[in-house]
Structure formats: C-alpha cells, structure tokens
Amino acid sequence: MIKVGSRKLFIRGDNGGIKEIKPLCVLDFYVDHNVQRGGHGRAIFEKMLEVEGVRPEKLAYDRPSEKLIAFLGKHYGLKKYVP
C-alpha cells in the first residue's frame, strides 16, 4: 500500500532563507515482508507515479526508512537523502 498527499515543508533556499513549500509527499509505503522482493513494491510505486503524474525525484518523503531509501536508490538512482 502507498499513501501520498501534500504536506507543508520548510526548506532552506540558496540565499540561506527559509521557504515554505507544499509538495506531494509519500506519507506511507508498505509491502508485506512475505511478498517483498517480488516486484510488488515497484509495481505499486510505478502506478502511483503514473496516476499522480510525477517523477520520483520530485516527491518529498516523510521520514523515509532505510528500506525506502534503499528501494529508491536501487530503482530510481535516488541515493542522497537530505532531511
């Protein structure tokens, strides 16, 4: 299952000031451990990207787990995480 929604976030801009943004955010993403490594997570994630019309690097990730960070690195080349 995957849950997405907009979330208010505050980021530091290039000039050092704080800026408020409201990006689409992955709030929850779960694949039962009994069916992990079977392509189900990738299928769910790909369908969400299609429905939302967004690329993975344009999403925000709410408190990503190590597993989610590894998943994003493996499938989408997203390896750096900046909280």
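Quick look at the numbers
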{"read-out": "Selection within the range 21-46 - open to solvent by less than 40 Å² (accessible area, probe 1.4 Å) and either more than 26 Å from PHE10 (Cα to Cα) or modelled with pLDDT under 90 (or both)", "value": "VAL31, GLY41"}
{"read-out": "Pair list, Cβ < 7 Å and 6+ apart or interchain, from the range 17-38 residues that are under 14 Å from PHE71 (Cα atoms) to residues that are exposed (fewer than 10 other Cβ atoms within 10 Å of the Cβ)", "value": "TYR30/MET1"}
{"read-out": "Matching residues in the range 47-64 - criterion: being open to solvent by 60 Å² or more (accessible area, probe 1.4 Å) and either outside any helix (DSSP H, G or I) or over 24 Å from PHE10 (Cα atoms) (or both)", "value": "LYS47, GLU50, VAL51, GLY53, ARG55, ARG63"}
{"read-out": "Check on ARG37, outside any strand (DSSP E or B), closer than 20 Å to GLY77 by Cβ, of a type in the set (Lys, Arg) and out of contact with any Gly (no Cβ under 9 Å at 6 or more places or on another chain)", "value": "yes"}
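The values are calculated or read from the model by the stated rules, or taken from the named source; none is laboratory data. As the structure is a computational prediction, the values presented were derived from the model and not from experiment. Don't worry about glycine lacking a Cβ; one is built from the backbone with ideal geometry, like all the others, and counts go over all protein chains shown. These area figures cover heavy atoms from the full protein model, side chains too; ligands, DNA and RNA do not enter into them. Shrake-Rupley method; radii C 1.70, N 1.55, O 1.52, S 1.80 Å.
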